[in-house]
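Below you'll find the structure, written out as structure tokens, and then a few comments.
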Amino acid sequence: MSGIPSIIENLFPLAVENNASDIHLKTGRPALLRISSQLVEAEMAPITAEQILAFVQATMPARFNERWVKENQVDYSFMAGVGGGTRFRVNAYLQRNEPALVMRLVKQTPPCFADLGLEGKSFMRAIESMEGMVVVCGATGSGKSSTLAAILREVNEHSPLHVVTLENPIEYVFKDNKCSFSQREVGIDVETFPSGLHAALRQDPDIVLVGEMRDRETFETALHAAETGHLVLSTLHAGTAQQAVQRLFEFYPPEQLPMAKRNIAGCLKAVIVQTLVPKIGGGVAPADEIFIIDATARRIIAEGQFEKISDLVNAGADVGSRSMNSDLNQLVRAGKVSRADALARSPNPKQLEMILSGINIAASGIIR
């Protein structure tokens, strides 16, 4: 590609061939590839500041120049000519006053549940009402975007709906099948998430995907969309279903919490929390916590009894809920991941130890 230093351009096929998820470039050291969740140093000369800056200038959309200069960081995506075209999501930034960047490889074809090692029925159950809000949570790189893409791919194969996505940047590109997709990139197609959400409500959507709820205005607009009969899918950084629900209330000042509890309890349909665990023999396996919001869960959220959410998840198999530890236990018993790696990813390792030892964890104090 014109303007891209060859030392960086040569990394693209290397990353694809090794099934890397990310490429890290940092001034003064060789590139790092994230392969099976581990950072591996490439055999190459150290990258210079000039090479990183040349790459950014060659690939960044011109309209982002002012943001890069003013904020010293920028997000965008670009297409490299590898194997017919590979899309990368780029975050360029300064660290210790020197340029650095991370490129996430994004597969052009949205994955199906089988590609991700997920059992699709439980995820589709979370959206079966086709209204309200479903939030997918986890750390950066935990597969949130891929899981949402798999959900939308399944919808696209069966339901004639209008799907509007608001992303920064667009990751997976959807081709219309049963659905009609309108994919809008924040900063290019629309200025901000809130303005895109307001516009989406005038575009006759059935489903709205919001890449991330970063502020109160975005969340409140998304909540309004959910209240008016649309299905809203979004992401949040949280390690458990309880943390995720509590984080939603951090958008509000104390005096507005009573109303917020009622509104969120009425609109929230499901919380999915995901992590990736190293597989025995290489690769990663997803582990998920799924919290389906039924009548009991709505009452507990409306009353602010967040400490009971963990018990609800543990006791909710009949409505489709399951805990992260339950999923990790299944992965260990299936021989897919090691006991040590499962414990390292568990939000409650002591409880998981008990489950792995055959001790049943019963929920207490929950009346459905």
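In sequence order, the stretch 149-159 has phi-based couplings of 5, 5, 4, 5, 4, 5, 4, 4, 7, 10, 10 Hz under the Karplus curve 6.51 cos²θ - 1.76 cosθ + 1.60, θ = phi - 60°, and Gly or Pro positions carry x. List the lysines whose Cα sits under 20 Å from the Cα of Lys269, skipping any in the same chain fewer than 8 residues away. List returned: Lys121, Lys144, Lys261, Lys308. Note on Ala344 and Asn18: their simple-model spin labels are 1.9 nm apart, each label 7 Å out from Cα toward Cβ.
Here each label is just a point 7 Å from Cα along the line to Cβ, and for Ser195 and Ala302 those points are 3.8 nm apart. About its Cα centre, the stretch 110-258 has a charge dipole of approximately 280 debye under the convention of +1 per Lys or Arg Cβ and -1 per Asp or Glu Cβ, with nothing else charged. When you restrict to C-alpha pairs under 8 Å that are six or more residues apart and normalise by the size of the chain, the relative contact order lands at 12 percent. Calculated FRET efficiency, Gln330 to Met44, Cβ-Cβ distance, R0 = 45 Å: about 0.65 to the nearest 0.05.
Counting other Cβ atoms within 10 Å as a rough exposure proxy, the listed residues Asp311, Asp215 run Asp215, Asp311 from fewest neighbours to most.
Post the alpha-carbon centroid distance, the stretch 1-24 to the stretch 267-305, in whole angstrom. Taking the Cα centre of the stretch 267-305 as reference, the centre of the stretch 1-24 is 35 Å away. When the helix-only estimate is applied to the chain (DSSP H runs of n ≥ 4, each -39,500 (n - 2.57), divided by the residue count), what is the mean residue ellipticity at 222 nm, nearest 500 deg cm²/dmol? Computed mean residue ellipticity for the chain: -10000 deg cm²/dmol. For Lys70, the lysines whose Cα comes closer than 21 Å to its Cα, not counting residues fewer than 8 places off in the same chain, are Lys26. Here's the list of lysines a cross-link from Lys175 could span, going by alpha-carbon distance under 19 Å and ignoring same-chain residues fewer than 8 apart: Lys107. In this rough spin-label picture, where each label sits 7 Å from Cα along the Cβ direction, the Asp294-Glu66 distance is 5.3 nm.
Here the relative contact order of the stretch 6-106, from alpha carbon pairs under 8 Å that lie six or more residues apart, stands at 25 percent.
All of the numbers you see were taken from the coordinates with simple rules; none came from a lab. In this text, all values refer to a predicted model and were calculated from it rather than measured experimentally. Note that each Cβ is placed from the backbone with ideal geometry, even for glycine, and that neighbours are counted across all protein chains shown.
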